[in-house]
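Asker: Let me give you the structure first, and then I'll get to my questions.
Rule-based calculations on the coordinates, nothing more; no lab input. These numbers were taken from a predicted model, which means no experiment stands behind them. So basically every Cβ, Gly included, is an ideal-geometry build from the backbone, and we count neighbours across all protein chains shown.
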Amino acid sequence: MGAVRRAAPRRQLARPGAGDAAPATSGAPAWPGRYLRNYTEGSDVRTWQQRMAQRGWAISVDGQFGPQSEKVARAFQSEKKLQVDGVVGPATWAAAWTAPIT
C-alpha cells in the first residue's frame, strides 16, 4: 500500500479542545461511546469514515474499521497533534468535525 493521500483542503473549521473528553461542538455528532479500532464495524464507523472522506482523506466508506481506517486515523492524529494510536476515541472523533482542514 502507498502513502495516505489527501485532497486539497475545502474549508477551515474550529480547533478541537484538548484532553481525552470530546468537547461539546455544534454540528458534530456525539461520540458513539465505543472506541473504533481494527475489526469494529457499524454505523458509527461509517459516520467517521464518511467524515474523513469529506475532509479529503483517501478512505473507503464501508462501515468496517480495518487497516486502511487505522492508517488514516494514525495520520490524522499525527497531523492534529493527538495521541497517535490508530484508535478513534473521543478526542479523535471530535477533531474529525472541529479541527481545521490543513
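Asker: Give, as a single signed number, the net charge of other residues whose beta carbon lies under 14 Å from the beta carbon of Val45, with Lys and Arg counted +1 and Asp and Glu -1.
Answerer: With Lys, Arg at +1 and Asp, Glu at -1, the neighbours total 0.
Asker: How long are the three semi-axes of the equivalent ellipsoid of region 40-98, in whole Å, if each is the root of 5 times an eigenvalue of the C-alpha gyration tensor, listed from largest down?
Answerer: Working: eigenvalues 50, 26, 24 Å².
Over the Cα atoms of region 40-98, the semi-axes work out to 16, 11, 11 Å.
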